[in-house]
Amino acid sequence: MIRFICCNALLLATGALAQDPIPRVGDKCPTGTYRSGDYCKPYPSTAKQDQAIISKSGKNCPTGYYSSGDYCKQYPSQAGKEAIPRETGASCPGGWYKSGQYCLKYGE
């Protein structure tokens with residue numbers, strides 16, 4: 001019984017991550033999301049795709065992501081590839097590599 005409860009709690013937590021609102025940049029939200037106050041929330045139909053959405057840093061998106069307004073959305077085939085913004089001239093942390101104005105995590 002405890003194993004069943006733990007497994008269900010893990011599944012619920014994982015599903016919630018894909019539905020987290022993201023801070024809105026400018027007036028528009030990326031495709032697959034809608035405006036909710038100062039945030040963009042995924043439509044229920046797109047929340048299950050588990051695509052990461054990050055704010056665009058510069059003009060281009062990192063490898064594995066495509067541009068959607070002021071955001072970069074992860075290609076569905078790249079789900080799980082983690083990206084973080086990189087300051088101009090800064091190096092990436094250990095275990096990460098440079099991709100334009102971003103750092104991508106190795107092995108993802």
Query raised in the report: Does Arg35 satisfy the condition of being loosely packed, with under 14 Cβ neighbours inside 10 Å and either at pLDDT 90 or above or touching a His at 6+ places or on another chain (Cβ under 6 Å) (or both)?
Result: yes
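Conditions (1) crowded, with 17+ Cβ neighbours inside 10 Å; (2) among the aliphatic types (A, V, I, L, M), marked per residue:
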{"residue": "Cys40", "(1), (2)": "yes, no"}
{"residue": "Gln51", "(1), (2)": "yes, no"}
{"residue": "Ile54", "(1), (2)": "yes, yes"}
{"residue": "Cys72", "(1), (2)": "yes, no"}
{"residue": "Gln78", "(1), (2)": "yes, no"}
{"residue": "Glu87", "(1), (2)": "no, no"}
{"residue": "Pro93", "(1), (2)": "no, no"}
{"residue": "Lys105", "(1), (2)": "no, no"}
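Restricting the stretch 70-82 to residues that are touching a Lys or Arg at 6+ places or on another chain (Cβ under 8 Å) and outside any loop (DSSP other than H, G, I, E, B), which is farthest from Gly107 (Cα to Cα)? Let's see the steps before the verdict.
Step one: list which residues in the stretch 70-82 are touching a Lys or Arg at 6+ places or on another chain (Cβ under 8 Å), which gives 70-72, 74, 81-82.
With outside any loop (DSSP other than H, G, I, E, B) added as a condition, the list becomes 71-72, 74.
On the way: Tyr71: 24, Cys72: 20, Gln74: 16 Å.
The selected residue is Tyr71.
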Requested in this report: Scan Ser67, Ser91, Ser57 and give me the residue that is without any contact (Cβ under 8 Å) to a residue 60 or more places away in the chain and not in a loop (DSSP other than H, G, I, E, B).
Outcome: Ser67
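Would you mind finding the one in Ser99, Ser36 that is in contact with a Pro (Cβ under 9 Å, 6 or more places away or on another chain) and either in contact (Cβ under 8 Å) with a residue 24 or more places away in the chain or of a type in the set (Asp, Glu) (or both)?
Details: Ser36 fails: either in contact (Cβ under 8 Å) with a residue 24 or more places away in the chain or of a type in the set (Asp, Glu) (or both).
Exactly one of Ser99, Ser36 is in contact with a Pro (Cβ under 9 Å, 6 or more places away or on another chain) and either in contact (Cβ under 8 Å) with a residue 24 or more places away in the chain or of a type in the set (Asp, Glu) (or both), namely Ser99.
The values are calculated or read from the model by the stated rules, or taken from the named source; none is laboratory data. Keep in mind that what you see is a predicted model, and the values were worked out from it rather than measured. Heads up, the Cβs are rebuilt from the backbone with ideal geometry, glycines too, and the neighbour counts pull from every protein chain shown.
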